[in-house]
1. Would you tell me the mean number of C-beta atoms belonging to other protein chains that fall within 10 Å of each C-beta in A:170-179, as a whole number?
2. Packing-wise, with mean Cβ within 10 Å as the measure, how do B:242-250, B:281-289 rank, highest first?
3. Nearest 100 Å² is fine: what is the total accessible surface buried where chains B and A meet, probe 1.4 Å?
4. Remind me, relative contact order of chain B in percent, using alpha carbon pairs under 8 angstrom and six or more residues apart?
5. Cross-link list A:LYS170/B:LYS541; A:LYS88/B:LYS170; A:LYS209/B:LYS277: which exceed 24 angstrom alpha carbon to alpha carbon?
6. For region B:119-228, rounded, prolate or oblate, judged on the Cα gyration tensor with a ≥ b ≥ c (square roots of eigenvalues), a/c < 1.5 rounded, else prolate if a/b > b/c?
7. Starting from the Cα gyration tensor of the protein assembly as shown, take the square roots of the eigenvalues, sort them a ≥ b ≥ c, and report rounded, prolate or oblate (rounded when a/c is under 1.5, otherwise prolate if a/b is larger than b/c, else oblate).
8. What is the antiparallel percent of DSSP beta bridges lying wholly in the protein assembly as shown, to the nearest 5?
Amino acid sequence: MVSLRIYIATRALLTIPTIIILLTIVFAIMRILPGDPVTAIVGMKAPPEQIQELKKELGLIDEFGKPIPLYIQYLNYFSGIIKGDFGKSLIWGKRPVIIEILEHFPATIELSIMGFIVSLLIGLISGVYSAHKYSSWMDSTIRIYGIISYALFIPWIGMLFQMFFGVQLKILPVAGRIDPGMEPQQITGLFLLDSIITSNWPSFISSLKHLILPSITLGIVLSGIFTRLTRGAMLEVLSQDFIIAAKARGLPNRKILLHALKNAFIPILTMMGLQFALLLTGAILTETTFSWPGIGTFLMERINYRDYTTVQGTVVFFAIIISLVSLIVDLIYAYIDPRIRY
Amino acid sequence: MRKNNKKAITTTMAVALVVALVVGLALGYLVSMLMAPAVPGVTTTVTAPGMVSTITSTATVVSTLEKTLTSVKTVTTGAPVVERLIIGVTDKVTDIDPSNAYDFFTWEVLSNTMEGLMRYVPGTTELEYGIARSHTIEKNGLVYIFKLKPGLRFADGTPATAEDVVRSIKRVMEIKGDPAWLVTDFVENVEALDSETVKFTLSTPVSYFLALLATPPYFPVHPAYKPKEIDSDQTAGGLGPYRIVKWTRDVELVLEANPYYYGGAPKIKQIIVRFFKDATSMRLELEAGRIDVAWRTLLPTDIKDLKTKPNLKTVECPGGFIRYIVINTRIKPFDNKLVRQALAAALNRKAICERVFLGLTEPLYSMIPIGMWSHIDAFKEKYGEHNIELAKNLLKQAGYSETNKLKIELWYTPTHYGDTEADVALLVKEAWEETGMIEVDIKSAEWTTYVDQSRKGIMGISLFGWYPDYIDPDDYTTAFVNASWLGYAYANAELSKILKEASVLPTVEERTPLYEKAQEIWAEDAAIIPMFQGKLVLVSKPNVEGIFLDPTMLLRYWLFFFSG
């Protein structure tokens with residue numbers, strides 16, 4: 001137990017330099033990129049006073065118009081983030097970046113969770129079934145599915161679903177998060193949860209219908225890796241002595257598979273953590289395809305508008321979230337598997 | 001074990017084949033459904049009544065105006081009242097505050113929720129009174145005095161007076177947001193003489209001041225707007241036909257008929273604008289029948305495809321957006337007029353419009369866009385279209401030949417004008433190199449670097465585009481001559497004098513010959529060569545009527561109605 005605590009402490013402390021390195025990389029990249037962000041924002045017709053004003057806002061020059069040294073800019077940036085200040089957007093009302101992020105993040109979380117559930121369900125069920133029916137035509141089909149789904153391009157598969165279920169059958173919406181005017185009262189920002197809390201069932205149905213195609217698209221693309229991993233881990237476990245012994249005792253197949261799955265779960269759990277980063281990347285593409293108003297589309301849009309502080313803030317936010325998720329996964333992993341210690 | 005492996009491989013291959021076949025068939029089916037040609041004999045592209053048919057050609061504004069007015073009358077009679085219309089866009093609303101909004105879609109929203117002293121007659125570039133009922137011009141165009149329509153009220157019932165007009169314009173002057181120059185460059189003072197009278201004193205007389213008054217920085221805003229700072233998310237609005245009842249940024253904007261609008265309630269009580277992240281989703285939602293109108297901006301390929309759908313109608317009209325080539329006359333060999341003229345003559349505008357934009361842009365032979373008064377095809381008259389022989393002659397006169405080629409760098413930016421920009425540059429190169437006497441090296445730079453290079457005047461030839469600030473030939477001409485943002489690429493004393501003179505003369509009749517002369521000089525100098533003009537395209541359900549597109553690029557929601 002002591003060693004677990006040491007592991008937790010060490011792992012948590014290691015997250016700090018990881019985040020610092022990430023922040024530094026983001027800071028450096030934003031300044032190495034060619035082109036002057038000020039020109040990009042104010043446009044071609046801007047008078048010199050407006051350019052100076054914006055430079056001040058960006059923290060590039062001081063009140064007297066003198067350039068602020070890079071290391072001071074870095075320290076200002078760093079101390080701001082520690083205080084939870086991600087800066088202010090350079091466009092549209094110059095709102096605090098953190099508020100903008102928090103407005104868009106629930107939509108991404110909702111999509112990611114649903115996508116993740118779909119991918120896990122497909123991956124686990126198909127992987128276990130494939131291992132159970134080893135070397136059959138079903139096994140072959142699932143293995144091919146594992147390869148194809150991993151290689152699928154989200155906008156392509158998304159558009160196929162949109163065309164079939166949205167345009168041809170007209171049973172599911174192809175874009176957006178909810179029907180116009182149906183938003184539930186905002187509590188968590190997760191529409192499904194909010195509509196349940198407020199017992200707003202028409203909103204629940206509408207948001208669920210909007211969630212089906214994007215989450216299935218995201219789920220399918222991410223499920224391949226789970227299918228392959230589950231199948232491999234299950235085959236390994238199913239060939240071990242304790243399973244043979246269980247079979248010899250006449251235990252039903254269902255129980256044996258469940259027992260084997262528990263033992264095969266550690267590598268799957270690791271992959272679940274690693275998939276989270278991929279999930280966010282996938283969510284960006286899914287959001288764009290389905291006009292989902294999440295953090296991914298928000299980031300892409302702000303890149304287009306060259307809203308540098310927002311882009312920087314959002315990337316930092318992503319980096320912190322991924323570092324924290326990776327920390328949590330490592331801790332769970334260590335808790336489940338006693339061999340994992342420093 | 002080996003036998004098992006062999007069996008597994010055989011099974012895998014068989015299943016793979018079946019899966020490939022099934023996927024292929026499914027894909028083929030879906031693609032064929034999507035690309036299905038229109039039913040023979042069905043008219044698939046319908047234009048709005050009395051609008052596009054006149055505007056798409058370069059017919060006179062007068063005939064357009066007459067037809068438009070007829071259509072407007074039709075709109076207001078006998079159409080059934082329908083509760084809701086949904087418009088899809090891929091644009092964004094930036095600041096719902098006229099003091100800082102400076103993009104066309106936000107201006108469109110403002111034009112539907114607010115109104116200025118002047119406004120454009122839908123479907124034309126002609127001006128008419130908005131919230132004003134009369135005006136007088138004094139002191140040789142230095143003073144404008146407007147009388148307001150009586151009984152004006154904001155959407156919540158608050159009375160609107162001349163003081164509100166003055167407060168709003170002074171607010172724009174004080175905030176100094178992006179479009180503030182549209183006021184501060186022209187207006188010295190604005191004051192309320194009484195509750196219905198507004199007086200403007202200009203710093204210098206400009207004949208297009210009425211056009212400036214139709215732009216959002218001059219719109220009166222509700223007193224709820226923060227007086228000294230940009231109020232980006234303020235939805236209190238102004239004196240327009242609609243009011244904002246709900247706005248979720250990047251998701252939806254809900255407008256409802258303003259019960260206090262002086263012009264009476266619009267036919268459609270509620271307008272919902274849905275914001276899409278990409279054009280494909282918008283197109284699919286239109287096909288699925290979940291939006292009534294797909295507005296800016298559908299992809300050219302999608303438009304071409306949607307035109308073939310019998311259950312949709314397409315409306316087109318030239319927009320105010322133009323593209324052009326800037327040749328820096330301060331850099332050798334472009335200081336030689338013959339070189340510039342040769343480049344203008346060899347250019348193949350039609351190829352760009354057809355091959356890159358699938359016919360969704362129009363070749364442009366003047367900086368003043370098609371459909372605007374005073375427009376003449378100056379470059380076409382002087383050089384023709386893709387006139388290789390003339391280009392060769394001019395190059396020979398300039399001292400170039402097949403063995404001594406003119407070597408030039410052509411700059412474009414891949415990060416500002418869309419994915420098509422590289423193709424545009426390629427076709428420009430192709431046309432010029434067809435002379436056999438020019439060698440073009442294409443170079444690109446990211447937008448910020450590109451603008452920086454333009455300011456510094458270090459690009460010999462570069463591609464640019466222009467959205468109008470106000471609908472007047474002045475905005476398409478004066479801004480380019482001796483311009484710092486172009487690195488002073490083009491200057492001509494005679495042209496500047498003509499443009500200055502034209503900006504002061506009071507009537508269109510007096511100004512027109514001057515702008516015509518300016519366009520001729522422009523073509524002669526060939527320092528900034530117009531390429532093409534963007535088209536506005538809207539696709540809707542067939543029962544949506546009252547669609548008016550014009551070079552102002554603003555859609556008037558209050559004119560929509562459903563037929564049948």
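1. Details: counts 4, 1, 1, 5, 10, 15, 11, 3, 3, 4.
The shielding value for this peptide is 6.
2. On the way: B:242-250: 18.9, B:281-289: 23.9.
Highest-to-lowest ranking by the protection proxy: B:281-289, B:242-250.
3. Buried area between the two chains comes out at roughly 4400 Å².
4. On the way: 1168 pairs, mean separation 112.5, N = 564.
Across chain B, relative contact order equals 20 percent.
5. Details: A:LYS170/B:LYS541 16 Å; A:LYS88/B:LYS170 27 Å; A:LYS209/B:LYS277 19 Å.
Going by Cα-Cα distance, A:LYS88/B:LYS170 fall outside the 24 Å limit.
6. Numbers: a/c = 1.33, a/b = 1.14, b/c = 1.16.
Judged from the Cα gyration tensor, region B:119-228 comes out rounded (a/c under 1.5).
7. On the way: a/c = 1.75, a/b = 1.64, b/c = 1.07.
It is prolate, given that a/c is not under 1.5 and a/b is the larger ratio.
8. Antiparallel bridges make up about 75 percent of those DSSP assigns within the protein assembly as shown.
The values are calculated or read from the model by the stated rules, or taken from the named source; none is laboratory data. Remember, predicted model here, so these are calculated numbers, not experimental data. Positions of Cβ are generated from backbone atoms using ideal geometry, with glycine treated the same way; all protein chains shown enter the neighbour counts. Areas reflect the complete protein model, heavy atoms only, side chains present, ligands, DNA and RNA absent. Shrake-Rupley method; radii C 1.70, N 1.55, O 1.52, S 1.80 Å.
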